[in-house]
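Novice: Below: one structure in structure tokens.
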Amino acid sequence: MSKVSDDTVITGTGVVPGVRYAEAVWIRPRPALPTSGPVVEAGEREAEYERFTTAADTVAERLSSRSEAADGAAKEVLNATAGMVRDRGWRKAVNKNIKSGHPAEYAVVAATTKFISMFEAAGGVMAERVTDLRDIRDRVIAELRGEEEPGLPQVNGEVVLFADDLSPADTAALDTNHFVALVTELGGPTSHTAIIARQLNVPCIVAVGSALNDIKAGDKVLVDGALGTITLNSDPEIAVAAVAESKLLAERIAQWRGPAETKDGHRVQLLANVQDGNAARIASDTQAEGIGLFRTEMCFLSALEEPSVDEQAEVYKKVLERFPNSKVVVRSLDAGSDKPVAFATMADEMNPALGVRGLRVARANEPLLTRQLDAIAKAVKELGRDENAPTWVMAPMVATAREAKWFAGLCAERGLVAGAMIEVPAAALMADKIMPHLDFVSIGTNDLTQYTMAADRMSPQLAYLTDPWQPAVLRLIQHTCEEGKRTNTAVGVCGEAAADPLLACVLAGLGVNSLSSASTAIAGVGAQLSAIDFDTCVKAAEAAINAEGATEARQKVRDILQP
Ligand code: PEP
Ligand code: MG
């Protein structure tokens with residue numbers, strides 16, 4: 001985003017890139033919630049429940065008919081919301097409250113609160129569904145009171161829509177000719193708002209927090225969905241130019257077709273990071289040339305016991321079969337630390353990020369690893385994959401040559417191509433000793449940055465350190481690439497750094513052969529690479545390596561690549 005004058009910048013998590021400049025509008029307020037109410041006489045409780053079911057049925061039918069008119073993710077989301085209004089468990093909880101004498105409005109609030117606590121306690125994806133619960137509660141209460149349905153306001157012209165959270169139903173009904181960007185106080189990168197915003201390709205920022213309340217209806221705001229910034233009081237001329245630039249870039253990205261190469265024909269393979277068959281299906285609709293990181297542990301986060309070899313093979317096949325003629329890099333279980341897997345995580349470690357995680361788990365439990373390798377080999381065999389559809393297997397958290405040799409040996413016994421992630425600084429520094437045991441390495445910039453900078457990747461306070469633009473991290477990548485060239489070992493990058501178009505050019509300039517990222521980021525990276533020569537990538541890499549810090553590196557590279 002360009003510079004602005006006398007600005008106030010509020011930051012959230014950008015989930016759909018794009019710059020827009022328009023007036024803010026707030027979503028129509030939710031109905032005030034009743035705290036309790038007069039007791040409903042025993043003889044009237046049945047009729048009270050009837051009143052509730054009529055209102056709930058009306059809301060469900062309205063949502064279903066919107067679902068019929070929609071398509072893609074919007075259709076699914078509206079259908080799912082209608083399903084929640086029809087949910088027997090929820091209705092039963094409402095009925096129980098009515099039976100004990102509460103009026104329908106309060107019975108709905110109390111029943112929904114109970115479900116919200118349960119969902120929040122479950123955490124993760126379940127916690128993000130809390131928005132859906134609040135939404136059905138509010139719609140049914142408004143219907144019971146004969147009030148206007150809460151949600152999208154009527155607008156003329158272009159506006160940026162602000163909300164504490166957007167309900168799936170509202171997001172699905174969005175007319176993007178009017179609502180040109182979305183900003184929410186709550187939500188997360190996997191919330192429904194984010195999913196549908198991606199489908200609609202409307203710039204979107206979520207999880208801004210309470211600072212969002214500083215924005216008033218009618219304020220002119222500049223929203224940057226890539227940086228996750230909302231700027232008040234920007235210079236209108238600069239803001240309009242930033243929007244035009246962003247639209248031009250979006251067009252170039254939409255038109256970009258792989259395989260990726262620089263203007264002068266230097267190839268860089270662009271691959272997708274996936275965690276299951278569904279993500280692989282989505283990736284197969286993009287320009288991804290294959291899969292560069294299949295995070296197998298993500299398939300087993302809710303498994304209490306280790307799945308059998310046959311069961312695991314079926315899970316892996318769901319990913320492999322989406323790329324029947326391309327490379328797929330499968331990572332062996334990276335359990336522990338931020339990815340707890342019940343059957344493979346050490347209990348009660350003082351410092352799990354520095355503890356028994358990744359390949360280290362298998363030192364005391366080799367059969368866990370060999371069963372996984374057996375399952376991968378079985379999936380490969382049953383799908384008839386060969387050198388035209390190579391399946392590579394890599395170990396996470398390798399720190400020593402001995403670990404690399406051990407892993408490679410186990411892979412060789414099963415005819416699998418072996419590699420390692422370079423995400424521990426020791427592995428980067430010892431690349432000359434590690435690489436001779438392997439066919440490839442893939443640099444995990446997320447952990448490599450965390451361990452190089454001694455800064456927890458989950459800490460919002462340390463985000464200035466956990467930045468892959470840190471020259472210290474780039475120097476370790478440079479060293480790894482040099483050793484890769486010397487030992488003829490393929491070097492890829494599969495951390496978030498590979499999703500940043502400017503940093504991707506730096507990585508290519510350092511000698512990285514492949515970049516693997518969320519599949520939505522691939523076209524942006526490909527379009528950026530196609531706009532410059534390889535020499536410029538090398539220059540950008542030199543500038544970044546020699547910068548004093550991450551901010552300076554970013555600025556210097558921006559000046560070189562986007563003068
Ligand atoms: C990484 O560390 O960069 C990586 C790709 O692995 P994960 O994010 O799954 O730890
Ligand atoms: Mg990692």
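Novice: So if I check each of 245, 289, which one is acidic (Asp, Glu), over 30 Å from residue 343 (Cβ atoms) and surrounded by fewer than 17 Cβ atoms within 10 Å (Cβ to Cβ)?
Specialist: Going through 245, 289 in turn, the sole match is 245.
Novice: Next question, about the same structure. Among the residues of the range 353-402, which ones are more than 16 Å from ligand 1 (Cβ to nearest atom), farther than 24 Å from residue 308 by Cβ and in contact (Cβ under 8 Å) with a residue 24 or more places away in the chain?
Specialist: Within the range 353-402, 388, 389, 390, 400, 401 meet the criteria.
Novice: Mind counting the residues in the range 130-160 that are within 16 Å of residue 29 (Cβ to Cβ) and of a type in the set (S, T, N, Q)?
Specialist: Residues flagged as within 16 Å of residue 29 (Cβ to Cβ) and of a type in the set (S, T, N, Q) within the range 130-160 amount to 2.
Novice: Now, a different point. Filtering the range 135-149 down to residues that are surrounded by 15 or more Cβ atoms within 10 Å (Cβ to Cβ) and modelled with pLDDT under 90, which residue is farthest from residue 62 (Cα to Cα)?
Specialist: Checked the range 135-149; the qualifying residue farthest from residue 62 (Cα to Cα) is 135.
Novice: Of the residues 414, 457, only one is under 26 Å from the mean Cα position of the chain (by Cα) and open to solvent by 40 Å² or more (accessible area, probe 1.4 Å); which?
Specialist: Going through 414, 457 in turn, the sole match is 457.
Novice: Please note which helices (runs of 4 or more DSSP H) are completely contained in the range 12-128 and include at least 1 residues that are surrounded by fewer than 17 Cβ atoms within 10 Å (Cβ to Cβ) and acidic (Asp, Glu).
Specialist: The helices (runs of 4 or more DSSP H) meeting that bar are 45-69, 104-122.
Novice: Now for a separate question. Taking the range 319-330, which residues are out of contact with any Phe, Trp or Tyr (no Cβ under 6 Å at 6 or more places or on another chain) and not in a loop (DSSP other than H, G, I, E, B)? Lay out the reasoning, then the answer.
Specialist: Going through the range 319-330, the residues out of contact with any Phe, Trp or Tyr (no Cβ under 6 Å at 6 or more places or on another chain) turn out to be 320-328.
Matches in the range 319-330: 320, 328.
Novice: Name the single residue, out of those in the range 338-347 being part of a loop (DSSP other than H, G, I, E, B) and away from ligand 1 (no atom under 16 Å from the Cβ), that is surrounded by the fewest Cβ atoms within 10 Å (Cβ to Cβ).
Specialist: The first filter runs over the range 338-347 and keeps only residues part of a loop (DSSP other than H, G, I, E, B), leaving 338, 340-341, 345-347.
When the remaining residues are screened for being away from ligand 1 (no atom under 16 Å from the Cβ), the result is 346-347.
Values: 346: 16, 347: 6.
By that ranking, first place goes to 347.
Novice: Would you mind finding the one in 257, 281 that is farther than 23 Å from residue 444 by Cβ, open to solvent by 50 Å² or more (accessible area, probe 1.4 Å) and modelled with pLDDT of 95 or more?
Specialist: When all the criteria are applied, what remains is 257.
Novice: Another question, then. I'd like to check something: does the range 251-260 contain any residue that is part of a strand (DSSP E or B) and either without any contact (Cβ under 8 Å) to a residue 24 or more places away in the chain or not assigned by the TED database to the domain that holds residue 321 (or both)?
Specialist: For the range 251-260, residues part of a strand (DSSP E or B) and either without any contact (Cβ under 8 Å) to a residue 24 or more places away in the chain or not assigned by the TED database to the domain that holds residue 321 (or both): absent.
Novice: Taking the criterion of being closer than 22 Å to residue 517 by Cβ, within 16 Å of ligand 1 (Cβ to nearest atom) and open to solvent by 50 Å² or more (accessible area, probe 1.4 Å), would at least one residue in the range 435-452 satisfy it?
Specialist: Checking the range 435-452: not a single residue is closer than 22 Å to residue 517 by Cβ, within 16 Å of ligand 1 (Cβ to nearest atom) and open to solvent by 50 Å² or more (accessible area, probe 1.4 Å).
Novice: Tell me whether the range 462-480 contains one or more residues that are closer than 22 Å to residue 327 by Cβ, surrounded by 24 or more Cβ atoms within 10 Å (Cβ to Cβ) and either of a type outside the set (Asp, Glu) or out of contact with any Pro (no Cβ under 6 Å at 6 or more places or on another chain) (or both).
Specialist: Yes, the conditions are met somewhere in the range 462-480.
Novice: Restricting the range 422-434 to residues that are more than 15 Å from ligand 1 (Cβ to nearest atom) and touching a residue at least 40 places away in the same chain (Cβ under 8 Å), which is most open to solvent (accessible area, probe 1.4 Å)?
Specialist: 429
Novice: Surrounded by fewer than 14 Cβ atoms within 10 Å (Cβ to Cβ) and modelled with pLDDT of 95 or more: does that describe residue 351?
Specialist: Criteria not met by residue 351.
Novice: Can you tell me which residues in the range 293-340 are in contact with a Gly (Cβ under 6 Å, 6 or more places away or on another chain) and either more than 15 Å from residue 394 (Cβ to Cβ) or within 16 Å of ligand 2 (Cβ to nearest atom) (or both)?
Specialist: Hits for the range 293-340 are 318, 323, 326, 329, 334.
Novice: Taking the condition touching a residue at least 60 places away in the same chain (Cβ under 8 Å) and away from ligand 1 (no atom under 16 Å from the Cβ), does residue 413 pass?
Specialist: Details: touching a residue at least 60 places away in the same chain (Cβ under 8 Å): no; away from ligand 1 (no atom under 16 Å from the Cβ): yes.
Here the answer is no, as residue 413 does not meet what is asked.
Novice: May I pose another question? Of the numbered conditions (1) within 22 Å of residue 316 (Cβ to Cβ); (2) over 29 Å from the mean Cα position of the chain (by Cα); (3) open to solvent by less than 50 Å² (accessible area, probe 1.4 Å), residue 401 satisfies every one except a single condition; which is it?
Specialist: Failed condition: (1).
Novice: Ok, one more. Residue 419 versus (1) open to solvent by 10 Å² or more (accessible area, probe 1.4 Å); (2) within 15 Å of ligand 1 (Cβ to nearest atom); (3) small (Gly, Ala, Ser); (4) closer than 22 Å to residue 381 by Cα: which is the lone unmet condition?
Specialist: Among (1) open to solvent by 10 Å² or more (accessible area, probe 1.4 Å); (2) within 15 Å of ligand 1 (Cβ to nearest atom); (3) small (Gly, Ala, Ser); (4) closer than 22 Å to residue 381 by Cα, residue 419 violates only (1).
The values are calculated or read from the model by the stated rules, or taken from the named source; none is laboratory data. Computed from a prediction, not measured in an experiment: that's the story for all the values here. As a convention, Cβ positions derive from the backbone with ideal geometry for all residues, glycine included, and neighbour counts pool all protein chains shown. For the accessible areas, the whole protein counts, side chains as well, though only heavy atoms, and no ligand, DNA or RNA atoms are used. Shrake-Rupley method; radii C 1.70, N 1.55, O 1.52, S 1.80 Å.
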